[in-house]
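Here the structure is laid out as structure tokens; the discussion comes afterwards.
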Amino acid sequence: MSSNTILKNALISVSDKKHLLEMSQILLEKKINLLSTGGTAKYLINHNIPVTEISKYTNFPEIMDGRVKTMHPKIIGGILGRRKKDKNTMKLYNILPIDIVIVNFYPFHKINIQDQSTTEEIIENIDIGGPTLVRSAAKNYKDVIIIVNFSDFKLIFNSIENDHISIETRLYLASQAFSYTSKYEKNIKKYFINKTQSNISQKNNLFPDKIKLKFIKKQNLRYGENQHQKSALYIKENFSEPGTISGSYQIHGKQLSYNNISDADIALECVKQFSTPACVIVKHGNPCGASENISLLKAYISAYKADPISAFGGIIAFNVIIDVQTAQEIILRQFVEVIIAPEIHHLSLEILKKKKNIRILISGKFKKNNEKIDFKKITNGLLVQENDDNTIEIEKFNFVTKRLPNDQEFKDAIFCWKIVKYVKSNAILYGLNRTTISIGAGQTSRVDATQLANFKAKDRGFDIQGATMASDAFFPFKDGIEKAASIGISCIIQPGGSIRDQEVIECANQYNIAMIFTYKRHFKH
């Protein structure tokens, strides 16, 4: 029977050489000849292990920077050759029977997840010869022992007697080999799918004929949008990206609800827009207070004071570590449902833990959001769109009024423009000194959104003189500009694009308001 064939020759080709010397020495003790590829052979020779390089055996050099080295009839034939049926063919072409194949592949997965790896480096780490050797050996498992795991090597060669490896053991090794190649191929497939989607995205053709979504359940939630609705959180399979709600972990507080997750996602994505200390407070899907400041404490206090009524029971997001002073101020000032930050000082955590129900989430270090597609469920359907990216293209701004914004107004305009895209449409936002003053959200007309922002600012006693207004879409009429002027707005940032743009610009000039057109709309429904 083939499984009793004497073991004479082993081919070793490994990228991970951790156990190479140990394996080689055991094989030599059993008087098994070693064949190896260039890099592995060189390593063994440097450690005084006798080995025959494949290129010398085949009399054909490794070519194309090592891309072609094991793909040769004398190698593949030596593995695939059936010892009885193909004996004469192997003898005719001087093909040496290879009885053992020990292989592990280029570390494609490790290279792929390294941020600094180029596409060329990733592609070059797709192993071609290795999987061919493994599949060939596994296919011919009755005659060839295939080993892809060191643990299996130890198991086999610690128990081997008289070169006998049972057919059951050989079959087991073949199944391990095919599992190994399958996992490897899946990693490569995943890379190419992501690469394809990225390339398609660049060509503005994001939408395939079929969409297959695969998510796994991370946790059950306390309830849905309402207490009578059950809910759960699902995240992308194999997802481990830090800096997101999906990748965050809870370190304190009661079970999260559907609304907690939804609002925390908005708050976190919004606060990630800022590089200096910032705080964003969200309530019912809308930012109600946001501030960027020289310290986290000042950012939090300013964000809270922007709308203390709405901040009650809100979600607070920070973009830097939560310090002790800020934690103390939160406890002093407000009732909060969720706090999320990239990290938290251990003393700050102890302070916040005094409120046992506060849910505290740690997101980890922020990374650029690489999500290309946005989904929205409708009845029996799915709306799919390109993500509204966070790029602010200042070079494309058009300063359309007679008066240009001063430095402070321009800084506030950029700040407001970053926030307003997270406010439900129609959205109007007032800001001063990189802090929101008043937000009119979710109105069915733009002038209503402006009136709401005016009302909230007056009701809370804010001085709007010199503040900046941001509008997520153009003004269809000049009435919104007039209402903003009546409360003291001195600068407006908006997309432009109305058929009455000139009328709106002339109105702004009349009130000495500086106006910026961004030519990018930020509706959020």
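Points to keep in mind about this one:
- Checked against the criterion of being within 24 Å of Tyr258 (Cβ to Cβ), in contact with a Phe, Trp or Tyr (Cβ under 6 Å, 6 or more places away or on another chain) and either among the small types (Gly, Ala, Ser) or in the same structural domain as Gln255 (by TED's automatic domain parsing) (or both), the candidates Ala341, Ala317 yield just one match: Ala341.
- Just one residue in the set Gln451, Gln385, Gln465 is over 25 Å from Ile301 (Cα atoms), outside any helix (DSSP H, G or I) and of a type in the set (S, T, N, Q); that residue is Gln385.
- Screening the candidates Pro277, Pro242 for the property of being touching a helix residue (DSSP H, G or I) at 6+ places or on another chain (Cβ under 8 Å), in contact (Cβ under 8 Å) with a residue 12 or more places away in the chain and not hydroxyl-bearing (Ser, Thr, Tyr) yields one hit, Pro277.
- Screening the stretch 217-254 for residues that are of a type in the set (Phe, Trp, Tyr) and within 24 Å of Lys368 (Cα to Cα) and picking the one that is surrounded by the fewest Cβ atoms within 10 Å (Cβ to Cβ) gives Tyr249.
- Members of the stretch 387-422 found to be among the acidic types (Asp, Glu) and in contact with a strand residue (DSSP E or B) (Cβ under 7 Å, 6 or more places away or on another chain), listed by number: Glu409, Asp412
- Residues satisfying the stated conditions in the stretch 262-272, i.e. crowded, with 21+ Cβ neighbours inside 10 Å and not acidic (Asp, Glu): Ala264, Ile266, Ala267, Leu268, Cys270, Val271, Lys272
- Tally, over the stretch 344-362, of residues that are within 14 Å of Ile316 (Cα to Cα) and either outside any loop (DSSP other than H, G, I, E, B) or not assigned by TED's automatic domain parsing to the domain that holds Ser275 (or both): 6
- Per the listing Gly440, Gly466, Gly496, Gly431, the residue uniquely surrounded by fewer than 16 Cβ atoms within 10 Å (Cβ to Cβ) and small (Gly, Ala, Ser) is Gly466.
- Matching entry among Ser438, Ser425 (being at pLDDT below 95 and in a loop (DSSP other than H, G, I, E, B)): Ser425
- Residue that is over 19 Å from the mean Cα position of the chain (by Cα), without any contact (Cβ under 8 Å) to a residue 24 or more places away in the chain and under 29 Å from His522 (Cα atoms), where the choices are Lys298, Lys283, Lys236: Lys298
- Test: residue in the stretch 443-458 that is touching a strand residue (DSSP E or B) at 6+ places or on another chain (Cβ under 6 Å), among the aliphatic types (A, V, I, L, M), in contact (Cβ under 8 Å) with a residue 40 or more places away in the chain and buried (at least 18 other Cβ atoms within 10 Å of the Cβ): no
- Scanning the stretch 358-379 for residues that are at pLDDT 90 or above and either among the acidic types (Asp, Glu) or surrounded by fewer than 15 Cβ atoms within 10 Å (Cβ to Cβ) (or both) gives Ile378, Thr379.
- Checking Ile316, Ile301 one by one, the residue that is hydrophobic (A, V, I, L, M, F, W, C) and surrounded by fewer than 24 Cβ atoms within 10 Å (Cβ to Cβ) is Ile301 and no other.
- Counting only strands (runs of 3 or more DSSP E) that sit completely within the stretch 1-114, those holding 1 or more residues that are among the hydroxyl-bearing types (Ser, Thr, Tyr) and in contact (Cβ under 8 Å) with a residue 40 or more places away in the chain correspond to 9-14.
- Enumeration of residues in the stretch 328-369 that are free of Cβ contacts under 8 Å to residues at least 60 places away in the same chain and under 30 Å from Lys210 (Cβ atoms): Lys368
- Residues that are in a loop (DSSP other than H, G, I, E, B), more than 20 Å from Leu432 (Cα to Cα) and not aromatic (Phe, Trp, Tyr), drawn from the stretch 474-494: Pro476, Lys478
The values are calculated or read from the model by the stated rules, or taken from the named source; none is laboratory data. All values reported here derive from a predicted model rather than from experimental measurement. Cβ coordinates were reconstructed from backbone atoms using ideal geometry, including for glycine residues, and neighbour counts include every protein chain displayed.
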